[in-house]
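Reading through the structure tokens given below for one structure.
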Amino acid sequence: MKKIEDVLSEFNIDPGKLKSLLGQKGFRLLADDEIAETKEWLENYQLGIELFPVITNDESDFIGVYMEKPLLNKIALMQHHNLDFTPKFKDLNSLIKNIENGFITRDNDWEDFRNNFDYPSQNATTAYEHSIIGTLHQELEDKRNSNDRYELLASTIMVLTPYEKVEDIYQFLEDENIFVRQKCVSVLGDFYQHEPIKEKIRETLKTINNKILEKKVYNGSLVETKKGFWKSLFK
């Protein structure tokens, strides 16, 4: 089995310095037996792309790096109470920079720091990311995809798609998969606060049976904090 030191060396990361940084922030590198155990657990999710667990916050959450194309080097943040394999950072160095700057801490819900994630982003898509989106669309058409793989491919398309092409992800508001619809609502509504199809976003929300999202939307937290988009959507 691949060692964590091998993964770090691919990004020219000094394991000693990383351990010191993580210790100060409440994270640590996973031990070999923990990596094996987590990878065994990941086999229950037929992603079709290897996700290598690297860092834990000792709260049953872990951070992993994708080891295969088309998501090679992308970083996922896995929370036990809200599983989402969608990449959040472009690579380990970008993640470490955010940990250094205090944007990601053990004691906070990682989703609270989404404005510091690499994906989604207000910035234009690079040529490399554009090519990834094309590959993901092709693989999305494979009828042999498991639900987990389909969700990963679709959600990654959404978060990599730049705002100037946001119309390209409208289709996912009508997807048969409830996770995909929920992710599209999150990207269009919570991140971009996209006004042009606000009514469609509201209609889609009604089809999503998600208690966490329902509490945030209908009981006030999003309505109160998003004084523009979300408040006008549910006033």
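The values are calculated or read from the model by the stated rules, or taken from the named source; none is laboratory data. These figures come from a predicted structure and were not determined experimentally. We place every Cβ from the backbone using ideal geometry, glycine too, and count neighbours over all the protein chains shown. Ligands, DNA and RNA are excluded from the accessible area calculation, which covers all protein heavy atoms including side chains. Shrake-Rupley method; radii C 1.70, N 1.55, O 1.52, S 1.80 Å.
Which one is farthest from the chain's Cα centre (by Cα) among residues in region 138-148 that are of a type in the set (S, T, N, Q) and surrounded by fewer than 15 Cβ atoms within 10 Å (Cβ to Cβ)?
Gln138
Name the residues in region 148-157 that are more than 19 Å from Thr126 (Cα to Cα) and in contact (Cβ under 8 Å) with a residue 40 or more places away in the chain, would you?
Passing the criteria: Asp148, Arg149, Glu151, Leu152.
Considering (1) farther than 21 Å from Leu83 by Cα; (2) modelled with pLDDT under 90; (3) open to solvent by less than 40 Å² (accessible area, probe 1.4 Å), say which one Leu205 fails and leave the rest.
Of everything listed in (1) farther than 21 Å from Leu83 by Cα; (2) modelled with pLDDT under 90; (3) open to solvent by less than 40 Å² (accessible area, probe 1.4 Å), Leu205 misses just condition (1).
Please state which one of Ile104, Ile4, Ile75, Ile99 is open to solvent by less than 20 Å² (accessible area, probe 1.4 Å), at pLDDT 95 or above and not acidic (Asp, Glu). It would help to see each step written out before you state the result.
Working: Ile104 fails: at pLDDT 95 or above; Ile4 fails: at pLDDT 95 or above; Ile99 fails: at pLDDT 95 or above.
Testing whether each residue is open to solvent by less than 20 Å² (accessible area, probe 1.4 Å), at pLDDT 95 or above and not acidic (Asp, Glu) leaves just Ile75.
Would you please name the residue that is modelled with the highest pLDDT, looking only at residues in region 107-123 that are surrounded by fewer than 17 Cβ atoms within 10 Å (Cβ to Cβ) and touching a strand residue (DSSP E or B) at 6+ places or on another chain (Cβ under 8 Å)?
Among them, the one singled out is Asp109.
So the check is Cβ under 7 Å with 6+ separation or different chains; which pairs have a first residue in region 117-139 that's over 14 Å from Pro87 (Cβ atoms) and a second one that's surrounded by 13 or more Cβ atoms within 10 Å (Cβ to Cβ) and at pLDDT below 90?
Partner pairs satisfying both residue conditions: Gln122/Tyr163; Ala124/Pro162.
Filter region 149-189 for residues that are over 15 Å from Glu203 (Cβ atoms), surrounded by fewer than 20 Cβ atoms within 10 Å (Cβ to Cβ) and not β-branched (Val, Ile, Thr) and give the result.
Arg149, Pro162, Tyr163, Glu164, Lys165, Glu167, Asp168, Glu176, Asn177
From the residues in region 73-106 that are assigned to a helix (DSSP H, G or I) and in contact (Cβ under 8 Å) with a residue 12 or more places away in the chain, which one is nearest to the chain's Cα centre (by Cα)?
Just the residues of region 73-106 that are assigned to a helix (DSSP H, G or I), to begin with: 92-100.
Next, only the ones that are in contact (Cβ under 8 Å) with a residue 12 or more places away in the chain stay: 92-96, 98-100.
Working: Leu92: 14, Asn93: 16, Ser94: 14, Leu95: 12, Ile96: 16, Asn98: 15, Ile99: 16, Glu100: 20 Å.
The qualifying residue nearest to the chain's Cα centre (by Cα) is Leu95.
Which of the residues belonging to region 37-72 are open to solvent by 50 Å² or more (accessible area, probe 1.4 Å), in a loop (DSSP other than H, G, I, E, B) and not hydrophobic (A, V, I, L, M, F, W, C)?
Just the residues of region 37-72 that are open to solvent by 50 Å² or more (accessible area, probe 1.4 Å), to begin with: 37, 40-41, 43-46, 48, 50, 58-60, 68-69, 72.
Filter once more, keeping what is in a loop (DSSP other than H, G, I, E, B): 43-46, 48, 50, 58-60, 68-69, 72.
Passing the criteria: Glu43, Asn44, Tyr45, Gln46, Gly48, Glu50, Asp58, Glu59, Ser60, Glu68, Lys69.
Would you point out which residue out of Thr135, Thr126 is under 26 Å from Ile178 (Cβ atoms) and open to solvent by 40 Å² or more (accessible area, probe 1.4 Å)? Break it down into steps so the answer makes sense when it comes.
Values: Thr126 fails: under 26 Å from Ile178 (Cβ atoms).
Going through Thr135, Thr126 in turn, just one is under 26 Å from Ile178 (Cβ atoms) and open to solvent by 40 Å² or more (accessible area, probe 1.4 Å): Thr135.
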